[in-house]
Amino acid sequence: MENYDHKNIENNWKEKWYKDNIYEAVDFSPKPKKYILAELPYPSGRALHIGHAMRYTVPEVYSRYLRMKGFNVLFPMGWDAFGLPTEGYAIKANKTPQEVIQELGTNYKAAMQDMGYGIDWNREINTSDPKYYKWTQWLFLKFYENGLAEPKEMPVWWCPELGNLADEEVLTAADGGKVSERGGYKVEKKMYKQWVLKMPMYAEKLIQGLDDTDFPDYIKTAQKNWIDKKVGINITYNIENSDETVIVFTTRPDTNFGATFIVLAPESDIISKITSAEQKAAVDEYVEKAKNKSDMERIVETKVKTGVFLGAYAINPLTTYKMPIYVADYVLGSVGTGAVVGVPGHDMRDFEFAQKFNIPVIRVVVGKDGDKSDITTASQVNESDGTMINSAFLDGMDIHDATEKIMDYLEEKGWGKRTVTYKIRDWVFARQRYWGEPIPVVYKENGEIEAIVKTTDVEGVKKKLPLELPYTKDFKPQSDGSSALARMDDWLNTTDSEGKPAKRETQTMPTWAGSNWYFIRYIDPKNDEVFADFEKMKYWLPVDKYYGDPGHTTMHLLYSRFWYKFFYDLGLVPTTEPYKYRMTGGLLLGPDGQKMSKSRGNVVEPGTLIEQFGADTVRMTLCFIGPYEDTYPWNENSVKAVHKFINNIYALKAKVNGKESSLETQKMYNKMIKNVTGMAENLKMNTAVSEFMIFVNALKKEENINIEIWKGFTKVLAPFIPFTAEELWQEANGFTEWKKENSVHLQEWPTYDEKLATENLLKIAVQINGKVKDEVEVSLAESEDSVKTKVLASEKVKAALGENTIKKFIYVPGKIVNIVA
RNA sequence: GCCCGGGUGGUGGAAUGGCAGACACGAAAGACUUAAAAUCUUUUGCCUGCAAAGGCGUGCGGGUUCGACUCCCGCCCUGGGCACCA
């Protein structure tokens, strides 16, 4: 008998499928559409690795299932080619990013075709292609024209040898200092004028819009937490012997009668203005030290509170209390107003700080425990509920009522103003790097910024966009922090709209730029007139299911939603939200249980596995190994097991004939179709494969297999093992010549007979007081009385019951009997 | 520190209020073989027991329920994210 020859089978069908583009997504097809999106990869390694394959295979199987269910499916792919990962790879490979992308794009595409992915390659995109980034630049100019993009001083790591560096390229040395990852040079934080996008202006819309999606709750929560909306009040305090004031934001003004100090973030401008002469040296030293710490390090280190007294006092207008002012790095400049008012009785961090610096603690809230004594230990610090005391006109009120009342009072007196703050900040949208979309603006002689073209000027856009990235082999950044573009004089020097000399912007956009809107371009990837045709967008959008990295739950997802919502407000896109549903995939670890990485040497490449076992084996292994969302190690043994399993399927074809299958087999078949359908619908590909295994184990015991059952089986196998399924399907139908419409992948998903799929007679457990004592066979339609009679007739039940009387008889139809004795 | 996940046999996992461990892997024993590989058969949560049988068991401690891996409260451990990697 023939052996399963994966190489022949796969090469044969792969060629035919892609030549005839059987996975074409048809614009305006009368079939219902499904847009299934998996995040596009950013090429940064020699080849696709098995982790990528995991991310794509399961959604791809799902997209194939939907196609067979009669949907017009868009499952596109492309390359997120700009940005640091590719530039970094180019530096290491000693090539230009252009060469690298050419090479990797080809490799990745070949790898995906080897995997048999059902992709309409006519829609392939590459974010570094001028025809693509023309529109990224055009969209950027929309932000600029509407005042949502502007240059702003923002902190960045700077290295005198390497120029500006990303957080990721900076390490902490043994002495606690900061050094560059490459070369180990000293680096420091400095302010640099960079383009930002004003995302906080969309904070409210980004929160509200979540209601229009079916995102799982954990993703909605993550997005809300990232935006972090807080309702509170800005209180202005006068400073003793000074004209300066300090403004603090607080959500708990109710406790303000207990305020005993103020803490400023080290970044705060007023520090230098109000620090006393005696304290100046100590304060300067502290501020300097805090400068090179990241926000995160500052937060993590707050277990031990540090800080320095400024030698100045603010007056609490409610109590006339003289509150000493400190600088401490646990207060972050980027949060609220960069200053907090310390209420040590009712905030744990404030309490710790007060203990350390011997600041008095005043109790202003009595909690449920009724404790009214002085607060001397951390366990007495009440942060969340209770009744006011020691707070004049607030006394006796619940804290929540008191919060409203005191805010009214502070506003009336002119000491405060109700405010809503968001933690979400301006998004730094520039890199001092070569490999990105050039920002299409120029600096005029007088320093003014001018967009190179108005987005509404159709002819101008055709002429001026894309602003192409000039080619150079010398693409490393400059030591002054600017990108390689700053030394390319021919490109740098240009003219403004009046023909006067001007200089181009030398910063480029971050990788996010292209990936913020790529899902729109797949809809109309070759359009030179607009970024995508509106009618086509109306047909395809929103994306029905978006699968990707859990690390993108906040930033990428939020960023692209922000862009999209802005476009919606401009009337450029047809729906309020880009993605109807989002699901994240887990991480596939190396065989050693560690994250796959080149340095650990545990990277598994699908290429070698495909060579040895075939793509179908790799695909089905990735489906079978575990649930899509979870993280687990790669297991070489699973590949062998699945390969054996596919061999077993293939061998079954020898038993196929026209004879009727046994009733038992018919039942198993219908059950299998029913279960697999439900599982594919819910992306439970691992249990779907189990169903196949159960079915095959049963078929192995049969003498013959009815041809219609066999055809149905090859159809449900098709999304999982497309090559083998095609081979078996073509043979079962006796097709000798390839015809696109005969492909198994364009057939209808099989239906099942509910009667055969449901077992009529069931064995159900009989419990006494929750412990299983016996089993009885019942039919689904049977009445409770009849079941009860059967159960009570059982010898085992009688024995177990003994002398006890039955207090309660519970029968859950088709499930279980429980007797309470 | 804050936020979001996750903890079930030797391993990956199944079961979303109804017989915990489906389906696999691994392991052990056996068959075939000169032998090995491959293949096939059987066993396999833990403990006591020759067996029959019994007891225990889903990170830990409580609770709700006739019934809890599943729901609620409080812990412990662990993975990820925290804004210039994307």
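Here is how the numbers come out for the structure above:
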| quantity | calculated |
| --- | --- |
| Note, ³J(HN,Hα) from phi for the stretch A:677-691, Karplus 6.51, -1.76, 1.60, rounded to Hz, x at Gly and Pro | 4, x, 6, 4, 4, 9, 6, 8, 5, 5, 7, 4, 5, 4, 4 |
| Gained length - A:E244 relative to A:K190, 0.36 nm times residue gap less alpha-carbon distance | 16.8 nm |
| Taking chain A and dividing mean pair separation by its residue count, relative contact order in percent (alpha carbons under 8 Å, at least six apart) | 15 percent |
| Heavy atoms of A:E681 accessible to a 1.4 Å probe, total area in Å² rounded to 10 | 80 Å² |
| Equivalent ellipsoid semi-axes, the stretch A:645-752, via Cα gyration tensor eigenvalues times 5, rooted, Å | 19, 18, 12 |
| DSSP bridge orientation in chain A - percent antiparallel, rounded to nearest 5 | 75 percent |
| Length-normalised contact order of the stretch A:564-668 in % [C-alpha pairs under 8 Å, at least 6 apart] | 25 percent |
| Fraction of accessible area attributable to carbon and sulfur, the stretch A:382-457 (%, probe 1.4 Å) | 47 percent |
| Heavy-atom accessible surface of the stretch A:167-281: percent carbon and sulfur, 1.4 Å | 47 percent |
| Relative contact order (percent, whole number), the stretch A:3-128, Cα cutoff 8 Å, 6+ residue spacing | 35 percent |
| Residue list for the stretch A:60-86, given a label point 7 angstrom along the Cα-to-Cβ vector of A:K740 and an amide N cut-off under 20 Å | A:64-77 |
| Computed [θ] at 222 nm, deg cm²/dmol, chain A (DSSP H ≥ 4; -39,500 (n - 2.57); rounded to nearest 500) | -11000 deg cm²/dmol |
| Positive minus negative residues near A:T86 (Lys, Arg vs Asp, Glu; Cβ under 12 Å) | -1 |
| Where labels lie 7 Å past Cα in the beta-carbon direction, separation of A:K7 and A:L762 in nm | 5.1 nm |
| Overall form of the stretch A:274-350 per C-alpha gyration tensor (a/c, 1.5; a/b vs b/c) | oblate |
| Cut-off 16 Å, label 7 Å out along Cα→Cβ of A:E204, residues of the stretch A:536-575 by amide N | A:566, A:569 |
| Å² of accessible area per residue within chain A, as computed with a 1.4 Å probe and no ligands counted | 45 Å² |
| Length gained when the stretch A:E412-A:D549 is fully extended (0.36 nm per residue, less Cα-Cα span) | 44.4 nm |
| Segment A:A821-A:A698, length gained on full extension (0.36 nm per residue, minus Cα span) | 40.1 nm |
| Förster radius 45 Å - calculated FRET efficiency between A:S272 and A:D371, Cβ distance, rounded to 0.05 | 0.60 |
| Shape of the stretch A:589-643, Cα gyration tensor, a/c cut at 1.5 | oblate |
| Cross-link table A:K152/A:K289; A:K19/A:K109; A:K653/A:K711, entries beyond 19 Å C-alpha to C-alpha | A:K152/A:K289 |
| Cα-based shape type of chain A, given that a ≥ b ≥ c are square roots of the gyration tensor eigenvalues and the cut on a/c is 1.5 | oblate |
| Over 30 Å (Cα to Cα) - which of A:K16/A:K473; A:K33/A:K640; A:K545/A:K595 fall in this group | A:K16/A:K473; A:K33/A:K640 |
| Given A:K462/A:K538; A:K69/A:K684; A:K14/A:K659, the pairs whose alpha carbons are separated by over 22 Å | A:K462/A:K538; A:K14/A:K659 |
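The values are calculated or read from the model by the stated rules, or taken from the named source; none is laboratory data. These figures come from a predicted structure and were not determined experimentally. Positions of Cβ are generated from backbone atoms using ideal geometry, with glycine treated the same way; all protein chains shown enter the neighbour counts. These accessible areas exclude ligands, DNA and RNA; they are computed on the full protein's heavy atoms, side chains included. Shrake-Rupley method; radii C 1.70, N 1.55, O 1.52, S 1.80 Å.
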